[in-house]
C-alpha cells in the first residue's frame, strides 16, 4: 500500500476544538489524508466539554499505549479515539494540565534556544506552547519506541499556526529525526497591523517586524511564528497574499501554498439549495414584515437581500468600505426613484443586552394579527364559495366583501392594524447595544445617512449575535441565513484565505470578495471575477476608487431580475468546485514530500 512507510502527525489547537477557521480546514480534509496515509494521526488539546462530543475513545494501538503510560508519569494524560467527522480519523487529545508546573522551564527553553521573548505572554500563549511541547514530547517517545523495534519508517509532523509551533521547535532541539511542516494561516503581526488601521500592503517593505511586534505587544506569538518558519523543513502558507506577508514579516518565502478547500461531495445539490432558499427566504421576509412595516410600507417581495457575516474587525473585514458602498448605492437608487429595495444584514456578533423591546412588541403585534387571520381563514373561504354559488357571477368587490367579512371581523382587523402601526423609523440594530452611539458600525451608518428612513432604498439591519437558529427573531442557523439571501459581501482588507465566499458558493449564493483575500486572488487565476463570485480589486488601490467600484457592483446586482439572479446562483455553485479538496489536497502531499526529501533524502 502506498505511504505504508510513513507516519503523519497533524497538530492543531483546533482538533476537536472549534474556536476558529482552522477547525474547518483540518476537519474538512481529514478524510482525504486519512485515506492517503495508513498511519495518519491528528493531535489536539484535551478539553472535556469538546472531547465528550467530538471524540469516541478507544484503546490505543501499540506502541501508543506504552508511550501514554510513560507520559502519565510525567503528568500528561493522552486520550486516543476517533474524531466524529468524515473519515473518522484516529486522534490523540493531550490533557496538558499536568505540565503547568513546567511552564517557566518551557518558556525559558524557547528563549535560550530560539530567542522567543514570552516574559509578558498571556495565558493563551502559555496554554498553547505547553500543549504543543507536550505533543512534541509524545511524538519523540513514539519515534523512540518504533526505532527500538527496528522499524524503518519516515515520520512527518505537520504543525498549524504558532499555537502548535512549539512542538516542531521541541523536536528540532531534541534532534529527533522527523520531517517537519509548518503552516501559517495568517501572520500575527500582519493581522495586528492591518487591524490597527494601517495600510499593511503599502508599508510592508519598510516595516521592521520585531520593532512593530514589540510596539503592538505581540512579540511572543510573532517570534514563535518566525522561529517556526526559519527552522521548519517545509514552510507553507494558505494563500499567495499570506505568502507575501510571510516573506517580509517572517523572513522566509513559503515553499508550498496549501490552499484551503471544501469537501464538495458533502455539499447540497443546486436543486436542494433552491428548495431550502424558498423556505429560508420566507422566514427572512416574515422578519422584515414586522421589523419595517409597522413604520412604513414597501414591497417585501421586490427586495434584494445582501449580508455580511464574520468577526467584528471593522477595517480588516471591510465593514468600513461596505457601509460607504451601501450609502453610494442608496443615493443612486433614490435618485432613480424606482421601487426596488435592498436590505443588508450585518451579522457581526458583539456584546449585547437582549433583543430590543420595540422589536419584540412589533413581533407580538404582527403574530397576533396573523394568528387572528389564520383563525378566520376557513370561515372566509367558506363565505367566498357560498356567495359565488348563491349569487352567480361575482358582484362588485364592495358588495361581495360585505357578505364575506362581518362588521365585527372588520372592526377587529382595524384594531389589530392600529396596534401594529408605529411612528418614527425602524431601528438600526435588533439588539440593545451598550453605548450604542459609540459603536463603530452604528456611528458609520448614521454618518453616511443609512438610518432606515422611508425614502431610503437601502435598509440596513445590524444583527449583532451569533446565528444559532434559536434567537427568537429569524431563527435561522448560519448556513440557512446565508442560503436565504441573494448576495454575500466580504470586501476584506485582511483575509489570508476567506472561507465564507466559498461557503456561499457551495450553497448557491453569489458573493463578493476582494483580491486582498487568498480565495479572491485564487479565483482571479481561474476567472475574471465578474460574476457568481465578484472579486473587488483592493490591492494597492486608493480606497475611494475601490469603494466606487464596489458600489457599481452592488448597483448592477440590485438591478438584476429574478432570472438573472438565478443565473448568478448557478455560476456561484459551479465556482465552488474549483476549491474541491480532491484537487487542492495535492499541495499537502507536495509539502510532506518536500520535507521528507530534506530529512530522509
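All of (1) in contact with a helix residue (DSSP H, G or I) (Cβ under 6 Å, 6 or more places away or on another chain); (2) under 24 Å from residue 552 (Cα atoms) hold for residue 496 with one exception: (2). Taken together, 280, 260 contain a single residue that is part of a loop (DSSP other than H, G, I, E, B), in contact (Cβ under 8 Å) with a residue 60 or more places away in the chain and in contact with a helix residue (DSSP H, G or I) (Cβ under 6 Å, 6 or more places away or on another chain), which is 260.
Of the residues making up region 121-163, those that are farther than 17 Å from residue 222 by Cβ, assigned to a helix (DSSP H, G or I) and within 27 Å of the chain's Cα centre (by Cα) are 123, 127, 131. Against the conditions (1) farther than 28 Å from residue 499 by Cβ; (2) surrounded by fewer than 18 Cβ atoms within 10 Å (Cβ to Cβ); (3) modelled with pLDDT of 95 or more, residue 64 satisfies every one except (2). So residue 402 ticks every box in (1) over 29 Å from residue 311 (Cβ atoms); (2) at pLDDT 75 or above; (3) assigned to a helix (DSSP H, G or I) but one. Which box is left unticked? Only one criterion in (1) over 29 Å from residue 311 (Cβ atoms); (2) at pLDDT 75 or above; (3) assigned to a helix (DSSP H, G or I) is unmet by residue 402, namely (2). State yes or no: is residue 310 at positive phi and modelled with pLDDT of 95 or more? Taking the combined requirement at face value, the residue does not satisfy it.
Each row is one residue, and each column tells you yes or no for (1) closer than 30 Å to residue 436 by Cα; (2) out of contact with any strand residue (DSSP E or B) (no Cβ under 8 Å at 6 or more places or on another chain); (3) touching a residue at least 24 places away in the same chain (Cβ under 8 Å).
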{"site": "320", "(1), (2), (3)": "yes, yes, yes"}
{"site": "329", "(1), (2), (3)": "yes, no, yes"}
{"site": "338", "(1), (2), (3)": "no, yes, yes"}
{"site": "341", "(1), (2), (3)": "yes, no, yes"}
{"site": "345", "(1), (2), (3)": "yes, no, yes"}
{"site": "349", "(1), (2), (3)": "yes, yes, yes"}
{"site": "356", "(1), (2), (3)": "yes, no, yes"}
{"site": "369", "(1), (2), (3)": "no, yes, yes"}
{"site": "377", "(1), (2), (3)": "no, yes, no"}
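Scanning region 578-601 for residues that are assigned to a helix (DSSP H, G or I) and closer than 14 Å to residue 259 by Cβ returns 578, 579, 581, 582, 583, 584, 586, 587, 588, 589, 590, 591.
Just to verify a result, which residue in region 451-497, among those that are part of a strand (DSSP E or B) and surrounded by fewer than 18 Cβ atoms within 10 Å (Cβ to Cβ), is modelled with the lowest pLDDT?
468
Only residues that are within 24 Å of the chain's Cα centre (by Cα) and free of Cβ contacts under 8 Å to residues at least 24 places away in the same chain were counted in region 239-253, giving 1. One residue alone among 363, 334, 328 is within 17 Å of residue 287 (Cβ to Cβ) and in a helix (DSSP H, G or I), and that residue is 363.
Restricting region 522-536 to residues that are assigned to a helix (DSSP H, G or I) and in contact with a helix residue (DSSP H, G or I) (Cβ under 9 Å, 6 or more places away or on another chain), the residue that is farthest from residue 511 (Cα to Cα) is 522. Scanning region 437-449 for residues that are surrounded by 15 or more Cβ atoms within 10 Å (Cβ to Cβ) and either under 30 Å from residue 374 (Cβ atoms) or touching a helix residue (DSSP H, G or I) at 6+ places or on another chain (Cβ under 7 Å) (or both) yields 441, 442, 444, 445, 448.
Considering only residues that are part of a loop (DSSP other than H, G, I, E, B) and out of contact with any helix residue (DSSP H, G or I) (no Cβ under 8 Å at 6 or more places or on another chain), which ones fall in region 414-431?
421, 423, 424, 425
Just to verify a result, which residue in region 343-358, among those that are part of a loop (DSSP other than H, G, I, E, B) and closer than 18 Å to residue 290 by Cα, is nearest to the chain's Cα centre (by Cα)? Result: 354.
When residue 253 is tested against (1) at pLDDT 95 or above; (2) surrounded by 18 or more Cβ atoms within 10 Å (Cβ to Cβ), just one condition goes unmet, and that condition is (2).
Among the residues making up region 164-191, those that are surrounded by fewer than 22 Cβ atoms within 10 Å (Cβ to Cβ) and not in a loop (DSSP other than H, G, I, E, B) are 172, 173, 191. Just to be sure, is residue 126 out of contact with any strand residue (DSSP E or B) (no Cβ under 9 Å at 6 or more places or on another chain), surrounded by fewer than 21 Cβ atoms within 10 Å (Cβ to Cβ) and more than 14 Å from residue 173 (Cα to Cα)? Answer is yes for this residue.
Rundown of residues vs (1) surrounded by 14 or more Cβ atoms within 10 Å (Cβ to Cβ); (2) under 23 Å from the mean Cα position of the chain (by Cα); (3) touching a residue at least 40 places away in the same chain (Cβ under 8 Å), yes/no style:
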site: 544; (1), (2), (3): no, no, no
site: 558; (1), (2), (3): yes, no, yes
site: 579; (1), (2), (3): yes, yes, yes
site: 590; (1), (2), (3): yes, no, yes
site: 599; (1), (2), (3): yes, no, yes
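When the criteria are applied in full, residue 75 fails the requirement of being surrounded by fewer than 18 Cβ atoms within 10 Å (Cβ to Cβ), modelled with pLDDT under 95 and either within 18 Å of residue 130 (Cβ to Cβ) or within 27 Å of the chain's Cα centre (by Cα) (or both).
Filtering region 192-203 to residues that are surrounded by 21 or more Cβ atoms within 10 Å (Cβ to Cβ) and without any contact (Cβ under 8 Å) to a residue 60 or more places away in the chain leaves 192, 193.
The values are calculated or read from the model by the stated rules, or taken from the named source; none is laboratory data. Predicted model, so just to flag it, every value in this text is computed and none were measured. Virtual Cβ from ideal backbone geometry, glycine too; neighbours counted across all protein chains shown.
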